[in-house]
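> Take this structure first; my questions come after.
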Amino acid sequence: MPFEAEAYEPEEAEQLVGKAGGPLEKSLVAPIYKGDFSSEDERHIAIYLDGEAALTWWHRNVARKQYAVQGWRRGKIYPDFIFALQSGDGAERLVVLEMKGPQLAGNLDTNYKQAVLQLISDHYTIEHTPRLGELELVVPDGTTVQCDLVLMQDWKVRLPNQFIGK
């Protein structure tokens, strides 16, 4: 995750507001401007995530500037959203989410990204043996990572049922 984020909107730009009419509260970066999102659907997703009780934090990832996933092809995958959920038993889950419009369903790039994200979800483990010159990731509480690609027309069903509701 980035340590800082560059604002592309002027300070007087219109901010995105939550369901209650106030500023979004769970984003890692504040304030959140409407212009920070590439579509109305992404704005709705941000508002939805911010209002969920199980959600600890969320981040709208900036393509080509912030967090990326490297698959087996040359180009990196820059997921649209990254968020953390905490279940009732205290277990934390990180979700890496790539969103695609319906016109991109089933094309080669979408299928590739979906395969990479599924591979990461299926094989995410925390190594307890540090290797020389690498950062050791220690998560003693059993945090899991889930990556997925969701089509824009499916987010209202998939986010509550597949991610938040778990």
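The values are calculated or read from the model by the stated rules, or taken from the named source; none is laboratory data. Here the structure is a predicted model, which means the values were calculated and not measured. Note: ideal-geometry Cβ built from the backbone for every residue, glycine included; neighbour counts use all protein chains shown. When the accessible area is computed, the model is the full protein with side chains, heavy atoms only, and any ligands, DNA or RNA have been set aside. Shrake-Rupley method; radii C 1.70, N 1.55, O 1.52, S 1.80 Å.
> What is the packing order of peptides 11-23, 66-78, taking the mean over residues of other C-beta atoms within 10 Å and listing the highest first? If you can, show how the numbers build up before the last one.
Working: 11-23: 11.8, 66-78: 13.4.
In descending order of packing, they fall as 66-78, 11-23.
> Something else about it: Taking a spot 7 Å from the Cα of A13 along the direction of its beta carbon, which residues of the range 38-53 have an amide N less than 13 Å from it?
38-39
> What is the distance, in nm, between label points placed 7 Å from the Cα along the Cα-to-Cβ direction at E92 and at R73?
Simple spin-label model gives 3.2 nm for this pair.
> Let me ask something else about it. Among K100, K34, K156, what's the order by accessible area (1.4 angstrom probe), most exposed first?
Values: K100 25, K34 75, K156 145 Å².
Final ranking, largest accessible area leading: K156, K34, K100.
> Right, another one. Working out 0.36 nm times the residue gap between D122 and A20, then minus their Cα-Cα distance, what length gain in nm do you get to one decimal?
33.0 nm is the gain from fully extending D122 to A20.
> How long is the gain from A30 to H44 if the chain were fully straight, where each residue apart is worth 0.36 nm and the alpha carbon distance is subtracted?
The A30-H44 span can extend by a further 3.4 nm.
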